[in-house]
Each structure stands twice: as structure tokens, then as C-alpha cells.
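Comments concern the structure below.
The values are calculated or read from the model by the stated rules, or taken from the named source; none is laboratory data. All values derive from a computational prediction rather than experimental measurement. Quick reminder, even Gly has a Cβ in these numbers, built from the backbone with ideal geometry, and neighbours come from all protein chains shown. Side chains are part of the model used for accessible areas, which takes the heavy atoms of the whole protein and leaves out ligands, DNA and RNA. Shrake-Rupley method; radii C 1.70, N 1.55, O 1.52, S 1.80 Å.
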Amino acid sequence: MNRLLVALLSAVDALVAVAVGVVAALAPLTVLWAVAFGAGADWSALWPAAVRLWQFGNLVPLEITLPQEYTVATGIAPDAVTMPLSLAPLAVAGLIAMFAARSGGRAAASGAGFTGVAVGAVIVAALSAVLATTARTPFAAVMPWQAVLFPVLVFAVPALIGALVRAWRDGDDGLVDSLFVRLDRSGYAAAVSAAGRALAISALGFAAVGALLVGVAVLARGGAIISLFQAANVDALGATAFTIAQLAYLPTLIVWGAAFAAGPGFVVGAGSTVAASGTQLGVIPSIPVLAAIPPATPSFALLLALLFVAVGFVAGLAARRRLPAPASTLAAEPFGPRLAALAGLVVTSGLVAASLSALASGALGPDRLTQVGPAAGAVGLAFALEIGVGAAIALLGPRASRSTDDVDADDRDRERAGARDADAPWVE
């Protein structure tokens with residue numbers, strides 16, 4: 001496809017991603033505003049509020065300043081008038097990331113992946129700058145450079161990953177193809193493909209275990225959650241808004257659950273600990289979903305790490321199946337590609353877990369609530385080790401016998417690489 005057409009389509013994707021996000025924030029605000037204040041309300045505050053919500057969903061930290069009238073009426077301490085808010089709802093960023101990854105993949109399939117990603121990033125940067133300039137409010141401030149850079153990263157990084165994955169799988173007649181052929185000649189292209197497949201299983205396992213723990217905690221602590229809902233004493237409109245906001249934080253809670261299963265756990269305020277080795281909670285915000293956090297750690301919690309060992313074993317098996325089998329039962333299986341696949345899986349799994357933990361951490365208020373969420377480095381290291389143990393058993397142990405009809409998927413990759421090599425004599 002013509003590069004200009006790919007650039008135009010990528011620009012449209014970026015425009016849609018930003019426009020849909022802003023409209024998704026503006027529409028419910030408009031409904032709530034109309035129901036609460038009627039037709040005579042001042043609508044000028046809706047645009048800055050919607051843009052701030054969109055920016056916050058794109059991981060932009062906010063600095064909230066409460067009105068003086070409100071602080072006097074509620075008796076809030078003067079040092080809590082201004083507070084940071086950087087614990088973003090990952091549901092919003094996750095949806096944008098999935099859309100961006102598909103956009104990058106489509107651009108790569110058209111033969112201009114890097115062009116599409118670059119154009120999309122430029123469009124998002126331009127629109128973010130316009131939104132930051134037109135939406136000013138004294139109650140929620142943002143740093144201008146963060147208001148532009150963070151939305152670009154939320155869109156561009158997944159788009160680039162999607163483009164690279166698609167180019168590696170289908171070819172791009174360019175840099176990725178050249179790298180594929182060179183690695184295939186040395187026997188390590190299959191190791192990269194195997195590590196990529198295993199990483200997908202590893203990341204899915206991280207999320208699945210976290211979701212399982214969150215579900216169990218909600219069921220076990222359902223009474224406490226309902227009690228906090230009732231204590232909030234909100235009407236149907238407020239309860240609806242409260243529920244939607246908590247659902248937006250569901251992916252954040254899933255990362256917390258995975259961090260708990262991995263071992264290091266997370267904190268809900270400075271000085272607190274919620275980990276498999278023990279839980280020590282202080283005063284936490286009266287947010288209903290936070291009542292799901294158990295006040296004490298079950299005795300079997302340390303065994304939850306075995307779930308990630310099992311995930312690593314499954315990921316290792318998937319990687320082993322993508323590696324070429326020896327030509328005969330008497331031939332030795334190459335050790336280098338297996339070790340390379342294992343190393344790639346361990347490193348990338350740790351990076352994914354650490355990145356998700358960093359995104360699921362931040363400030364939720366003043367004082368001790370400036371520290372909320374898991375420690376990225378500790379969770380990434382623990383998860384990498386647990387995945388590595390299971391994957392090492394599957395990758396480095398004896399290979400199970402396979403029938404001749406079981407064709408390894410990487411054989412097709414090597415055939416594709418050979419065909420590209422034959423059609424591209426310029427590759428040395």
C-alpha cells in the first residue's frame with residue numbers, strides 16, 4: 001500500500017482514539033450535570049473536566065486543589081487542600097493501547113509500520129497540546145509536558161509493539177525481514193518466535209491469576225464492600241458514578257492481585273503492607289472496593305507463587321514446540337536456542353510485570369496516600385524468577401517424543417525466511 005495512504009489511515013486512527021476518549025468522558029459528565037443542575041447550569045466547566053478525565057486516563061498526573069468553601073465546610077486540614085492524584089484507571093489506557101496496537105499492526109501489514117506509528121504519534125501529540133491549551137481549571141492542574149508526552153506514549157508504544165509483531169510474523173520487506181533472515185541463518189530466529197509466544201502466555205497468566213484473586217477477595221469480603229456503599233449514603237446517580245469509577249480501576253486491582261500472588265504485594269499508604277508474607281493495614285480510604293483487601297494474610301498465601309511457576313511451565317512448553325526438533329531421535333537437540341528462548345522469556349516477563357506494576361502505582365491523596373500500589377522492581381524480579389523456574393523445567397528438560405505429523409510452527413517461519421532470502425539477494 002502507498003505510504004501516503006498508510007500515513008493518512010494512521011492519522012485517522014490517532015484522531016479517532018483521541019476523539020472517542022474525550023467524548024467518552026464528556027458524555028456522562030453532561031448527563032450527570034444535566035440531571036444534577038438542570039438546564040440553568042453553567043456548562044463552561046464541563047470541557048475542562050472532560051479533558052482532565054481524558055488526560056488522567058492517559059496516565060497524566062493531576063494536582064487537585066479543593067475550593068476554600070468546601071474545605072471550610074468539611075473541616076479539611078489546610079495542608080490537605082492541595083493533593084496529588086496519579087493512580088490512574090488502567091482500563092482507559094488499556095483500551096487505547098489495544099486500539100493503538102491494532103493500528104500499528106495494520107500499518108505494518110501494509111508495508112509501512114514505522115511510518116504509521118510515527119504519524120499516529122505526531123497526531124496524538126498535536127491533539128494533546130490543543131486539549132491541554134484549551135482546558136484550564138484551577139481545581140485540577142497538570143504539567144504541560146506530561147499532558148502532551150504521556151498520551152503519546154500510551155498510543156505510540158503499543159502501536160510500535162503491534163507493528164513489530166506483525167512485521168516479524170508476516171514480513172515487511174525491510175529491516176525486520178533482514179533481521180529475521182540473519183537470525184534464521186544462525187538458528188536463533190525460532191528462539192525469538194518461541195520467546196514471543198511464551199511471553200504472551202506469561203502476560204496472560206499474570207493477568208489471569210490477578211483477576212482470580214480479585215474475584216475471590218470480592219466474594220469473600222462482599223459484606224464489607226456493601227457496608228461501605230451504604231455508609232457513603234449516595235443516591236442512585238452517585239452510586240452509578242461510584243460504580244463506573246471503580247470498574248475503571250479493575251485492571252489496576254488485577255495488577256495488585258498479581259503482585260500479591262508473586263510475593264512482594266502492594267501498599268495502600270506509606271507504612272502499610274499487603275503481601276503474601278504478611279499484611280499490615282493502617283487507615284485506608286473509604287472506597288468500597290478497597291474493603292476487598294483482607295485485613296490478614298491467609299496462611300497458604302505463599303503457595304500462590306506456584307501458580308506463576310505453573311504458568312512458566314506452560315509458557316516453556318509452548319516455546320519448546322516452536323523450536324525445531326532434532327532431525328532424528330539420535331541427534332542432540334541444540335541447547336543454544338533453548339537457552340536463548342528461556343532468557344528472552346524471563347527478561348521480558350519481568351519487564352512486563354514491572355511495567356504493569358509501575359502503571360498501577362501512584363498517589364491517591366495527600367500524606368501517606370502518596371504511596372499506593374506495588375513496587376515495580378520487586379514484583380518484576382519475583383515474577384521473572386517464578387516464570388523462569390517453570391519455563392526452565394519445560395525448556396531444558398528432556399524433550400517429549402512427537403509424531404511426524406506434528407509439524408512445528410517455526411518450520412513455516414523458516415520456509416518463509418528462506419523464500420524471502422531467495423527473493424532478496426541484497427541480504428548478506
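A few remarks follow.
- Residue within the range 175-192 that is within 21 Å of residue 91 (Cβ to Cβ), at pLDDT below 85 and of a type in the set (Phe, Trp, Tyr) present: no
- Long-range neighbours under 9 Å by Cβ, at least six apart or interchain, first residue under 20 Å from residue 97 (Cβ atoms) within the range 133-152, second modelled with pLDDT under 90 and open to solvent by 90 Å² or more (accessible area, probe 1.4 Å): none
- Filter result for the condition that a residue is buried (at least 20 other Cβ atoms within 10 Å of the Cβ), at pLDDT below 90 and of a type outside the set (Asp, Glu), over 301, 231: 301
- Matching entry among 313, 300 (being out of contact with any Pro (no Cβ under 6 Å at 6 or more places or on another chain), of a type outside the set (D, E, K, R) and free of Cβ contacts under 8 Å to residues at least 40 places away in the same chain): 300
- The residues in the range 110-122 that are small (Gly, Ala, Ser), surrounded by 20 or more Cβ atoms within 10 Å (Cβ to Cβ) and in a helix (DSSP H, G or I) can be counted, and the count is 4.
- Residue match in the range 147-154 (condition: more than 15 Å from the chain's Cα centre (by Cα) and among the aromatic types (Phe, Trp, Tyr)): no
- Residue within the range 152-166 that is modelled with pLDDT under 95, in a helix (DSSP H, G or I) and touching a Leu at 6+ places or on another chain (Cβ under 8 Å) present: no
- Here is the figure for the range 123-142: residues that are in a loop (DSSP other than H, G, I, E, B), touching a helix residue (DSSP H, G or I) at 6+ places or on another chain (Cβ under 9 Å) and open to solvent by 20 Å² or more (accessible area, probe 1.4 Å) total 4.
- Just one of (1) among the aliphatic types (A, V, I, L, M); (2) open to solvent by less than 30 Å² (accessible area, probe 1.4 Å); (3) closer than 25 Å to residue 379 by Cα; (4) part of a helix (DSSP H, G or I) fails for residue 225. It is (3).
- As a summary of the residue check, residue 335 satisfies the conditions (1) at pLDDT 95 or above; (2) surrounded by fewer than 14 Cβ atoms within 10 Å (Cβ to Cβ) except for the one numbered (1).
- Residues in the range 179-220 that are assigned to a helix (DSSP H, G or I) and open to solvent by 20 Å² or more (accessible area, probe 1.4 Å): 26 in all.
- Residue check for residue 69: of a type in the set (Asp, Glu), at pLDDT 85 or above and open to solvent by 40 Å² or more (accessible area, probe 1.4 Å): no
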